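J.: Before I ask anything, here is the structure I am working with.
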Amino acid sequence: MKRFYRYLIWFNLSIVAFAAQSATDKLVWTPIAKQVCDKLAQASQLYSQGNTLKAKEAAYLEAYFKLYDPVLEVGTRFATSQQHVVAIENQFRALKTAMVPQPKESDKHNVQKISQQLCQAISQDAKALDDQHLPLDVYGTGQ
């Protein structure tokens, strides 16, 4: 009978350990980074089509203010430094500034290059956050 209870306890603990491991293996930051990258790609495409206003909206309002600033910036600041976050913010500003009206081919290429570099940096940060198993609520505020 003792053996049965030991087995039962071991089995229950194994299930709890497996569930805990599964929870920490989930990617929480990378999908948000992908959303930012998708918006940056959309902005680059809109800009190459000559729609500067919509491109700026996609890059700055949607990618930065709706996705990066309220979520990824917090985690990145927590895991790296304020200096790193400022560098990312400066890249967003550079992207917005590069989107001039009536773009030439060189302008379009520059916007695409900045978008790709920004996406790569944000994706690397998100991967690092996921590798550290940091929750979205890194400060434990419940928000």
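Each reported figure results from applying straightforward, stated rules to the coordinates on display, with no laboratory input. All values derive from a computational prediction rather than experimental measurement. Cβ placement follows ideal geometry from the backbone for every residue including glycine, while neighbour counts extend to all protein chains displayed.
J.: Excluding residues fewer than 8 places away in the same chain, name every one of the lysines whose C-alpha is closer than 19 Å to that of Lys26.
T.: Reachable lysines: Lys34, Lys127.
J.: Taking N as the number of residues in the range 24-126, what is its Cα Rg relative to 2.2 N^0.38 Å?
T.: My calculation over the Cα atoms of the range 24-126 gives 1.05.
J.: Which loop chymotrypsin sites (Phe, Trp or Tyr not before Pro) in the range 64-143, with loop taken from DSSP, have no more than 13 other Cβ atoms within 10 angstrom of their Cβ?
T.: Tyr139
J.: According to a simple spin-label model (label point 7 Å from Cα along Cα-to-Cβ), what is the distance in nm between Thr97 and Gln45?
T.: 2.8 nm
J.: Using a Cα-Cα cut-off of under 15 Å, which aspartates and glutamates could be cross-linked to Lys66, ignoring same-chain neighbours fewer than 8 residues away?
T.: Leaving aside aspartates and glutamates fewer than 8 places away in the same chain, those within reach of Lys66 are Asp38, Glu57, Glu89.
J.: In Å, the Kirkwood hydrodynamic radius of the range 88-129 over pairs of distinct alpha carbons?
T.: 10.9 Å
J.: Report ³J(HN,Hα) in whole Hz for each residue of the range 69-86, in order, from the Karplus equation J = 6.51 cos²θ - 1.76 cosθ + 1.60 where θ = phi - 60°; Gly and Pro get x.
T.: Running phi through 6.51 cos²θ - 1.76 cosθ + 1.60 with θ = phi - 60° gives 4, x, 10, 5, 4, 4, x, 5, 4, 5, 8, 10, 7, 5, 4, 5, 4, 4 Hz.
J.: So, one more: Taking the Cα centroid of the range 101-120 and of the range 51-91, what is the distance between the two, rounded to the nearest whole Å?
T.: Between the Cα centres of the range 101-120 and the range 51-91 lies a distance of 17 Å.
J.: Could you give me the ³J(HN,Hα) list for the range 99-113, computed from phi with Karplus coefficients 6.51, -1.76, 1.60 and θ = phi - 60°, whole Hz, x at Gly and Pro?
T.: Computed from phi, the couplings for the range 99-113 are 7, 8, x, 6, x, 8, 4, 5, 5, 4, 5, 4, 5, 4, 5 Hz.
J.: Further question: Below 18 Å, Cα to Cα, which lysines can Lys108 reach? Residues fewer than 8 away in the same chain don't count.
T.: Counting by Cα, and skipping residues close in sequence, Lys108 has these lysines nearby: Lys39, Lys54, Lys56, Lys96.
J.: Which number do you get for Rg(Cα) / (2.2 N^0.38 Å) in the range 29-86?
T.: Cα-based Rg divided by the globular estimate yields 1.20.
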